[in-house]
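**Student:** Following this message is one structure expressed as structure tokens.
The values are calculated or read from the model by the stated rules, or taken from the named source; none is laboratory data. Quick caveat, the model's predicted, so the values are computed rather than measured. Cβ sites come from the backbone with ideal geometry, for glycine too, and all protein chains shown count toward neighbours. When the accessible area is computed, the model is the full protein with side chains, heavy atoms only, and any ligands, DNA or RNA have been set aside. Shrake-Rupley method; radii C 1.70, N 1.55, O 1.52, S 1.80 Å.
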Amino acid sequence: MTATEWITDIALVLIVFRQLREGRLDHKTFLLPLGIVAFVAYSYLDSVPTGGNDLVLIAALTAVGAALGIAGGIYTRIRALDGDLLIKAGAVSAVLWIAGMGARMGFQTWVEHGGGADDVARFSLAHHITGQQAWVTAFVLMALTEVVTRVATIFVRSRTVRASTALPVLGRTA
């Protein structure tokens with residue numbers, strides 16, 4: 001893994017650690033993680049391989065990312081207090097986030113430094129996955145989907161809390 005990959009992965013993990021302490025739900029809550037994954041997508045998604053079972057691998061890991069993101073968003077507490085919405089990642093949300101990020105980091109480290117490259121090559125050959133770019137795309141889309149679905153779930157839930165407490169929309173006053 002490059003230094004940029006480590007920094008990006010650690011930054012995404014720190015976002016949830018920051019939310020372990022209750023804080024104000026604001027635009028940064030949404031823009032920071034989306035900005036990071038936009039950078040990652042721009043940096044690593046050159047193409048989407050479609051040969052063999054590449055799309056099956058990509059769809060499977062994207063679905064895992066969506067499930068982790070939605071669950072993480074559901075297990076994030078959102079409440080109204082004094083005209084503001086407050087957000088706090090619960091233990092389940094943090095564990096899911098770290099599990100998703102950690103799985104990707106662990107897989108990449110195992111392949112690059114732990115002798116897993118031959119195992120992945122055999123698995124890829126046996127399951128008609130055409131190459132490394134399929135794995136890169138699958139894991140990047142898994143991360144992207146996890147972040148986007150978590151942020152979207154929090155956004156939808158915040159609208160529900162806001163509507164039930166008659167708070168103004170983010171960044172606007174009544």
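**Student:** In region 79-118, what residues are of a type in the set (V, I, T) and either without any contact (Cβ under 8 Å) to a residue 60 or more places away in the chain or within 14 Å of V13 (Cα to Cα) (or both)?
**Tutor:** Going through region 79-118, the residues of a type in the set (V, I, T) turn out to be 87, 92, 95, 98, 109, 111.
Matches in region 79-118: V92, V95, I98, V111.
**Student:** Can you find a residue that is touching an Asp or Glu at 6+ places or on another chain (Cβ under 7 Å), farther than 22 Å from G35 by Cα, of a type in the set (V, I, T) and surrounded by 18 or more Cβ atoms within 10 Å (Cβ to Cβ) anywhere in region 130-137? Explain how you work it out, then say what you get.
**Tutor:** First, pick out the residues of region 130-137 that are touching an Asp or Glu at 6+ places or on another chain (Cβ under 7 Å): 130, 134.
Next, only the ones that are farther than 22 Å from G35 by Cα stay: 130, 134.
Those left that are additionally of a type in the set (V, I, T): 130.
Checking the rest, the ones that are also surrounded by 18 or more Cβ atoms within 10 Å (Cβ to Cβ) come to none.
So far as region 130-137 goes, no, none of its residues is touching an Asp or Glu at 6+ places or on another chain (Cβ under 7 Å), farther than 22 Å from G35 by Cα, of a type in the set (V, I, T) and surrounded by 18 or more Cβ atoms within 10 Å (Cβ to Cβ).
**Student:** Of the residues D26, D46, D82, which single one is of a type in the set (D, E, K, R) and within 14 Å of L141 (Cα to Cα)?
**Tutor:** Selected residue: D46, the only one of D26, D46, D82 that is of a type in the set (D, E, K, R) and within 14 Å of L141 (Cα to Cα).
**Student:** Can you go through R104, R172 and tell me which one is open to solvent by less than 30 Å² (accessible area, probe 1.4 Å) and modelled with pLDDT under 90?
**Tutor:** Values: R172 fails: open to solvent by less than 30 Å² (accessible area, probe 1.4 Å).
One residue alone meets the criteria, R104.
**Student:** Would you pick out the residues in region 1-25 that are part of a loop (DSSP other than H, G, I, E, B) and open to solvent by less than 30 Å² (accessible area, probe 1.4 Å)?
**Tutor:** The one that is part of a loop (DSSP other than H, G, I, E, B) and open to solvent by less than 30 Å² (accessible area, probe 1.4 Å): L25.
**Student:** Quick check on region 46-94: of everything there that is exposed (fewer than 15 other Cβ atoms within 10 Å of the Cβ) and of a type in the set (S, T, Y), which residue is modelled with the highest pLDDT?
**Tutor:** It comes out as T50.
**Student:** Could you look through region 26-37, keep only residues that are open to solvent by 70 Å² or more (accessible area, probe 1.4 Å) and at pLDDT below 90, and pick out the one that is farthest from the chain's Cα centre (by Cα)?
**Tutor:** K28
**Student:** Answer yes or no: is there a residue in region 50-60 that is under 15 Å from V140 (Cα atoms), touching a Ser or Thr at 6+ places or on another chain (Cβ under 7 Å) and among the small types (G, A, S).
**Tutor:** No, every residue in region 50-60 fails to be under 15 Å from V140 (Cα atoms), touching a Ser or Thr at 6+ places or on another chain (Cβ under 7 Å) and among the small types (G, A, S).
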